[in-house]
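Student: Mind having a look at this structure? Questions to follow.
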């Protein structure tokens, strides 16, 4: 009986390099090319020259690496990276830069699972698995080492020369496009994601032996808080993925803030975030450095707001219903709410934000010291917006009930997102309600600021994490809200009527550090009154010499942290 065998096709290494180059450029870089056309202003000669130069350079690199035993696994890896990256760039319009790699590195299993969808599996099967199987099947013809090196040189040298000539001939247009659109090359697969990963790795390596410098060790309690007669408590709610334009307090056409509006909160309508992702914005919010001076290295190597509060004798607690404090709470009391078991508010490693309320009630009832309690929300984190609110807050329908946003209409996506904002409104109002419940024994206040916003399909962009230089306002305009109990207003001298007249003034994450220090009446040289959002509407304390908290230096003008900043 005859046995039929399918003969494996053979292909030369240079031919396979050329085929792989065409596949990577034409199949996995749709987002890159569409942005390139826009970036070059439809200057077709410059675009084509740039594209051909990229192709020749990619071909040259693959050819130089076309060694036996290395070529196949390398091509499979590059195709897999490009296929995965192309799914996220084309589906959500995101850019896989260093910050996005950092987000992926610190994400939790439940959060990541929302992105592991059927559409991703299908995309990888078509664009990664099939070409990889084809590469594995074919036989590659390799010449002897020296012969191969000579032949490769005969192809690579002219290719690189022609690439250089094309770039030189169109240098002005190419340089202008790349200078004005710095995110363009980050979109190029697979070079962009690989470069971003390397940058993130080098940054992480650099920080492994980092020594944190003390900050605000001169911090002490001021006259007001020392003579308050009861514990002063500020609850800082760090929001997640809430964009200001979907808050009815800011004029949104839907009533997404009915409970906060009834409370008469102070709402700042023009507030800008420090970044477009939690890994950047959250540390920046609690850092002494303004966005113009901020870097991840500076934040990690300098103590932050919670440490300065601790130096002043304030009890600071961080409760997290998200992916952690990003290093902010390393030196204070920290608790992850997602570790609670058998709670009806939790499922598959994620909890609704009402998980805070029961423990907060108990803590406020037992508080005997001046305290700051940080609640880090899960908020409106996507793409599974429908998991961020219970059935009782499913007011806007039909709502998108899947993390695969592309299978939902824009109306369904916005409905689900707005429901999550409505639920955040309830959680914040409930926090204020608990403070009010215990106002006979504490003087409490609440301040809320979201870390960044969210794109819901505007201009084809979804989610968040866009490079800040090109980020749309949907990702950078965030809500900033405060509420003060009557005892707090009386003891700390806050005039809410005055604050209500000042809510249109631009604010930013730069304000949080100094505002919270002001709210807790912390006296320190790192406090900058000009960045305290409430300072102008806080009545001066009538200090009496010899009273608790009186210091002769309190009347001196606060100074900036120039000594620390000059190091950088």
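Student: Could you please give the count of residues in segment 266-291 that are part of a loop (DSSP other than H, G, I, E, B), crowded, with 24+ Cβ neighbours inside 10 Å and touching a strand residue (DSSP E or B) at 6+ places or on another chain (Cβ under 8 Å)?
Tutor: 4
Student: Now, a different point. Evaluate segment 505-514: report whether one residue or more is touching a residue at least 12 places away in the same chain (Cβ under 8 Å), in the same structural domain as residue 433 (by TED's automatic domain parsing) and surrounded by fewer than 21 Cβ atoms within 10 Å (Cβ to Cβ).
Tutor: yes
Student: Can you find a residue in segment 206-217 that is part of a helix (DSSP H, G or I) and within 30 Å of residue 328 (Cβ to Cβ)?
Tutor: Yes, segment 206-217 has at least one match.
Student: Still on this structure: For segment 21-34, give me each residue that is surrounded by fewer than 20 Cβ atoms within 10 Å (Cβ to Cβ) and farther than 21 Å from residue 125 by Cβ.
Tutor: Within segment 21-34, 33, 34 meet the criteria.
Student: Something else now. If you go through segment 204-225 one residue at a time, how many are out of contact with any strand residue (DSSP E or B) (no Cβ under 6 Å at 6 or more places or on another chain) and crowded, with 16+ Cβ neighbours inside 10 Å?
Tutor: Qualifying residue count, segment 204-225: 4.
Yes/no per residue for (1) assigned by TED's automatic domain parsing to the domain that holds residue 254; (2) over 29 Å from residue 360 (Cα atoms); (3) touching a residue at least 60 places away in the same chain (Cβ under 8 Å):
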position	(1), (2), (3)
376	yes, no, yes
382	yes, no, yes
392	yes, no, no
398	yes, yes, no
404	yes, yes, yes
410	yes, yes, no
415	yes, yes, no
418	yes, no, yes
421	yes, no, yes
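Student: Grab the helices (runs of 4 or more DSSP H) fully contained in segment 1-105, keeping just those with 3 or more residues being closer than 22 Å to residue 155 by Cβ. It would help to see each step written out before you state the result.
Tutor: Values: elements: 13-27, 30-39, 44-64, 71-92.
It comes to 13-27, 44-64, 71-92.
Student: Does residue 347 meet the test of being closer than 22 Å to residue 114 by Cβ and either surrounded by fewer than 14 Cβ atoms within 10 Å (Cβ to Cβ) or modelled with pLDDT of 95 or more (or both)?
Tutor: Yes, satisfied.
Student: Would you be able to tell me the number of residues in segment 105-137 that are under 20 Å from residue 400 (Cβ atoms) and modelled with pLDDT of 85 or more? Please lay out each step first, then the result.
Tutor: Initially, segment 105-137 is screened for residues under 20 Å from residue 400 (Cβ atoms), giving 110-123.
Now drop any that are not modelled with pLDDT of 85 or more, which leaves 117-123.
Summing the residues that are under 20 Å from residue 400 (Cβ atoms) and modelled with pLDDT of 85 or more in segment 105-137 gives 7.
Student: Say we look at segment 337-353 and pick out the residues that are part of a loop (DSSP other than H, G, I, E, B) and in contact with a helix residue (DSSP H, G or I) (Cβ under 6 Å, 6 or more places away or on another chain); which of these is nearest to residue 404 (Cα to Cα)?
Tutor: Selected residue: 348.
Student: Quick one: which of 64, 1, 71 is at pLDDT 90 or above and either crowded, with 19+ Cβ neighbours inside 10 Å or not assigned by TED's automatic domain parsing to the domain that holds residue 190 (or both)? Let's see the steps before the verdict.
Tutor: Values: 64 fails: either crowded, with 19+ Cβ neighbours inside 10 Å or not assigned by TED's automatic domain parsing to the domain that holds residue 190 (or both); 1 fails: at pLDDT 90 or above.
That would be 71, the only listed residue that is at pLDDT 90 or above and either crowded, with 19+ Cβ neighbours inside 10 Å or not assigned by TED's automatic domain parsing to the domain that holds residue 190 (or both).
Student: Oh, and also: Scan segment 293-321 for residues that are on the phi < 0 side of the Ramachandran plot, more than 17 Å from the chain's Cα centre (by Cα) and in a loop (DSSP other than H, G, I, E, B) and jot them down.
Tutor: Listed by number, the residues that qualify are 293, 303, 304, 312, 314.
Student: So, in segment 297-310, exactly how many residues are under 9 Å from residue 216 (Cα atoms) and in contact with a strand residue (DSSP E or B) (Cβ under 8 Å, 6 or more places away or on another chain)?
Tutor: 3
Student: Scan segment 387-417 for residues that are surrounded by fewer than 21 Cβ atoms within 10 Å (Cβ to Cβ), over 16 Å from residue 455 (Cα atoms) and at pLDDT 95 or above and jot them down.
Tutor: Result: 387, 390, 391, 392, 393, 394, 395, 396, 397, 398, 401.
One line per residue, one yes/no per condition, for (1) surrounded by 14 or more Cβ atoms within 10 Å (Cβ to Cβ); (2) closer than 30 Å to residue 388 by Cβ:
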{"residue": "97", "(1), (2)": "yes, yes"}
{"residue": "119", "(1), (2)": "yes, yes"}
{"residue": "137", "(1), (2)": "no, no"}
{"residue": "151", "(1), (2)": "yes, no"}
{"residue": "167", "(1), (2)": "yes, no"}
{"residue": "177", "(1), (2)": "yes, no"}
{"residue": "181", "(1), (2)": "yes, no"}
{"residue": "186", "(1), (2)": "yes, yes"}
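Student: What number of residues in segment 182-203 are free of Cβ contacts under 8 Å to residues at least 12 places away in the same chain and farther than 19 Å from residue 57 by Cα?
Tutor: 3
Student: Looking at the structure I just gave you, is residue 129 out of contact with any strand residue (DSSP E or B) (no Cβ under 8 Å at 6 or more places or on another chain) and either touching a residue at least 12 places away in the same chain (Cβ under 8 Å) or closer than 18 Å to residue 193 by Cα (or both)?
Tutor: Judged against the criteria, residue 129 is not a match.
Student: Give segment 228-264 a look and list any residue that's closer than 17 Å to residue 455 by Cα and in a helix (DSSP H, G or I), or say none.
Tutor: 244, 245, 246 - these are the residues of segment 228-264 that are closer than 17 Å to residue 455 by Cα and in a helix (DSSP H, G or I).
Student: Okay, moving on. Given (1) over 25 Å from residue 56 (Cβ atoms); (2) outside any helix (DSSP H, G or I), identify the lone condition not met by residue 140.
Tutor: (1)
Student: Only one of these is surrounded by 15 or more Cβ atoms within 10 Å (Cβ to Cβ) and either farther than 30 Å from residue 325 by Cβ or in the same structural domain as residue 296 (by TED's automatic domain parsing) (or both): 130, 115, 171, 124. Name it. Break it down into steps so the answer makes sense when it comes.
Tutor: On the way: 130 fails: surrounded by 15 or more Cβ atoms within 10 Å (Cβ to Cβ); 115 fails: either farther than 30 Å from residue 325 by Cβ or in the same structural domain as residue 296 (by TED's automatic domain parsing) (or both); 171 fails: surrounded by 15 or more Cβ atoms within 10 Å (Cβ to Cβ).
Being surrounded by 15 or more Cβ atoms within 10 Å (Cβ to Cβ) and either farther than 30 Å from residue 325 by Cβ or in the same structural domain as residue 296 (by TED's automatic domain parsing) (or both) holds for just one of 130, 115, 171, 124, which is 124.
The values are calculated or read from the model by the stated rules, or taken from the named source; none is laboratory data. Just so you know, these numbers come straight off a predicted model, no measurement behind them. Quick reminder, even Gly has a Cβ in these numbers, built from the backbone with ideal geometry, and neighbours come from all protein chains shown.
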